[in-house]
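Working notes for the structure below.
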Amino acid sequence: MPSAGGDETHSRSRSRSPTAGLPPVGRSVAESSTRRLLGTVRWYNGRRQVGIINGDDGQQVFVPVGGAYNGNLVPATSGGLFHGTRVSYRLESKPASTDPTAAAPPPGASTAVCAADVRPVEGVQPGLECGVETRIGGRPRQEDRLVANDLYDLGFLACVFDGHGGTRCVDYVSQRFPVVLHACYARRVSLLKQGLASLTGVEEEALISDSFREAFDLTDQEFLVTAREERLREGSTGLAVLIAHGFEASLQSLGFAQGLGCSGGVAKLFVANAGDCRAIVLRGRKAMRVSEDHKPEREDETARIQEAGGMVIRQPCGTHRVGRKTGESRLFLSTSRRGVVFLFSQQKVVVMP
């Protein structure tokens, strides 16, 4: 089974050469609108499509909806923006808006002008890397699957699915889960009468977390249709992590060392787990486990499995086997030897900066 690791969610600062040709502080909007300025993204939220730029001229400028050339794209998508990205932009007078869902400039940002045509500066854009190692061991076929997807405005998604008893289930859920997750998120956003701009950061976290829980459940329900028709007896565990950019926070207030990104912007890691895959985040030389193994030998897991209609059998060799009573067929995110069935009633999503 492949191991899942976590990259640091904050970009490291880089040395940059002084840039000539910048308009001096105090240049008029009319003069600046025909010239491009340089700055660093303080934070950018691709879901809301707004952000803040710390200009090299010392001015803090608001990026309104439509101000970024690539709209809702975030790293690792080419052209995506997030805290620490070096950008060029133009200044424009901020038009008066009558739209109640439009985001207002945060405190400290200019209320008279805004950034337009914001584009990443090529060659200095921070990004993300994803790697994987998988071993088949003594099994006749590989039943593990890795997912690494850019989910448009939502963020960067990485998943590990550990199949058992065959590859039909693990193939299905690894292909469908990213699609279902983004659909669940988009549906919830569409129900907001005043859009994402009406939510606080905590409420936005809750919306993403609820989307994870719903996506796990819906993907399971979809596969069960095929499983019941074809009498399939296989399943899969699932571990999903999402790096979502665009949250406004002070790194100092979070207790991190200086220099881990652009002060004011932070990405958050959402972790959802069902089964015995494990997520670990490495920060410096410190490893932190950010998911809980769902194993049947745990007393709380045994009690929950039995309450949901399953049963746990301790084998002579000391391992625990999870079974289903007659008529029960919860397959996705269940395991036959090392994990747990019926996980959705207490599905947990961990959020960390």
Query raised in the report: at pLDDT 85 or above, within 14 Å of the chain's Cα centre (by Cα) and within 18 Å of residue 82 (Cα to Cα) - does that describe any residue in region 244-261?
Result: yes
Report task. Tell me, please, whether a residue that is farther than 30 Å from residue 225 by Cα, at pLDDT 90 or above and touching a strand residue (DSSP E or B) at 6+ places or on another chain (Cβ under 8 Å) can be found in region 153-161. Result -> no
Report summary line: Considering region 48-81, residues that are buried (at least 24 other Cβ atoms within 10 Å of the Cβ) and modelled with pLDDT of 85 or more, and then whichever is nearest to residue 207 (Cα to Cα), we arrive at 50
Report task. Would you check if there is a residue in region 167-174 being of a type in the set (Lys, Arg) and crowded, with 17+ Cβ neighbours inside 10 Å? Result -> yes
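The values are calculated or read from the model by the stated rules, or taken from the named source; none is laboratory data. Keep in mind that what you see is a predicted model, and the values were worked out from it rather than measured. Cβ coordinates were reconstructed from backbone atoms using ideal geometry, including for glycine residues, and neighbour counts include every protein chain displayed.
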